[in-house]
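**Q** Dumping the structure here so I can ask a few things about it.
The values are calculated or read from the model by the stated rules, or taken from the named source; none is laboratory data. What you see is a predicted model; the values in this text were computed from it and never measured. All Cβ positions, glycine included, derive from the backbone under ideal geometry; neighbour counts span all protein chains shown. In case anyone asks, the SASA skips ligands and DNA or RNA and just uses the protein heavy atoms, side chains included. Shrake-Rupley method; radii C 1.70, N 1.55, O 1.52, S 1.80 Å.
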Amino acid sequence: MKKVGVAILGLGVVGGGTYRILTGHRDFYRKAHGLDLTVECVLERNAARAVELGIDKSKICSNIAEICSNPEVDIVVEVIGGVEPAKTFVLAALNAGKSVVTSNKELYCKYSYELEKAAKKNNCGLFYEASCVGGVPVIRTLLDNLQGNKILSMTGIINGTTNYILTKMSDEGASYGDVMKEAQKLGYAEADPTADVEGYDAAYKLSILSSLAFHTKIPFTAVYREGITGVDCTDLANGKRLGYALKLLAVGKNKGDGIEVRVHPAFISSNHPLAGVKDSYNAVYITGDSVEDVMLYGRGAGALPTGSAIVGDIIYCATHDNFNYSPFENTKDADPATKFICNFKSAYYIRLTASDKAGVLSKVTAALGKHGISVSQLVQDENRNGEFVSLILITHETREKDVDKAVEEINLSGIAEVAAVYRVVA
Ligand code: HSE
């Protein structure tokens, strides 16, 4: 039986879930893997939380140095979140020769080059499956199972909070503000939801996943990002009528001429498997040149699902002697040879408010036509607001900057006002 000592830094939701899995399955891991996984100690300021989980007070440490100098600790699990003090603690653990398992997407996204350097220098493992999409095993899938492919694209719903909010808005016709209040009351959204609703959380994850998928460093700063705070339930209802669901999508593409990485709300056809991913569920839809389409679906957050990813990493670490690191040169910034495409191509949903009189439509389509934008669908909403009506257009695929120019021109012309624009993902 191989004895493996674990230290857990932080006993929040994920730390607590990890502890419960490790202790509850201890006998199972002995039999199944020949591993005796023992929680040797924890770093937690709130002693009451440790006691609530059934952790003996003698196992509660008050500083990282105690853990680093404990010869019984082989693996340090960092589930504190945020950059500091997590970064200092992880570096201290690696420099003390301990392997690290982390769920910290912001830390890994921003500083993996530095953490990995320390891990390599000290011949330690650095594992981060839980940093992206909770219990959904997307990192190891990219690192191992899909290595035979050139990954062409990856489209994901990788933030549960925003998916819950958009699902509720769509199902109940409720406003963003009302759904957010309810989500906070139920504990589904944080008191400060900025990281989720402004797309930062999804952008950290996309930076990590697309670096693995495309074998080159994609820094967070290269990811285009828009959140969902401006979403109006009118557009969710219009999209539904036209056969689309609105989702906060993380999109990564590598078509040979450059890389696109972006997080923004977008309509997706109701027939696409991602459209059926509802509430707080997550999914990643990956297309490889050999495997074709693969979709991974599941819980992107939560004590036990994220704990599952962490314990999977602990077992992997305990059963492998040679550690693998990033399958690309993990530098701080992108390789200068990597080309990022900002003026990407997409179809667009455009909602306009226009006065209901002769000639308005032809002027709108003329403005679009001037920028090479072709319309594939056009609907006039039957609900009037005085002399004004809503026009909803879906365009054929076009360049983002051409849409920006056409929208500006329509707004300046006085013929109609553009009320909303969303990308439409095929
Ligand atoms: N806050 C994240 C979400 C979970 O809502 O999906 C952790 O990344």
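**Q** Taking the range 197-223 only, how many residues are open to solvent by 20 Å² or more (accessible area, probe 1.4 Å) and of a type in the set (A, V, I, L, M)?
**A** 1
**Q** Let me ask another. Which helices (runs of 4 or more DSSP H) sit wholly inside the range 140-232 and have at least 1 residues that are within 11 Å of the ligand (Cβ to nearest atom), touching a strand residue (DSSP E or B) at 6+ places or on another chain (Cβ under 8 Å) and among the charged types (D, E, K, R)?
**A** Fully inside the range 140-232 and qualifying: 200-214.
**Q** Mind checking which pairs have a first residue in the range 318-346 that is free of Cβ contacts under 8 Å to residues at least 60 places away in the same chain and a second that is of a type outside the set (A, V, I, L, M, F, W, C), Cβ under 8 Å, 6 or more apart or different chains?
**A** ASN343/ARG399; ASN343/GLU400; ASN343/LYS401; LYS345/GLU397; LYS345/THR398; LYS345/ARG399; LYS345/GLU400
**Q** Return the pair list, or none, for Cβ contacts closer than 6 Å from residues in the range 146-163 that are within 20 Å of THR194 (Cβ to Cβ) and at pLDDT below 95 to residues that are open to solvent by 10 Å² or more (accessible area, probe 1.4 Å) and within 16 Å of the ligand (Cβ to nearest atom), at least 6 apart or on different chains.
**A** From the range 146-163, no pairs qualify.
**Q** When you scan the range 147-162, do you find a residue that is touching a Cys at 6+ places or on another chain (Cβ under 6 Å) and either open to solvent by 10 Å² or more (accessible area, probe 1.4 Å) or basic (Lys, Arg) (or both), even just one?
**A** no
**Q** Identify the residue in the range 120-134 that is assigned to a helix (DSSP H, G or I) and away from the ligand (no atom under 12 Å from the Cβ) and, among all such residues, is least open to solvent (accessible area, probe 1.4 Å).
**A** GLU129
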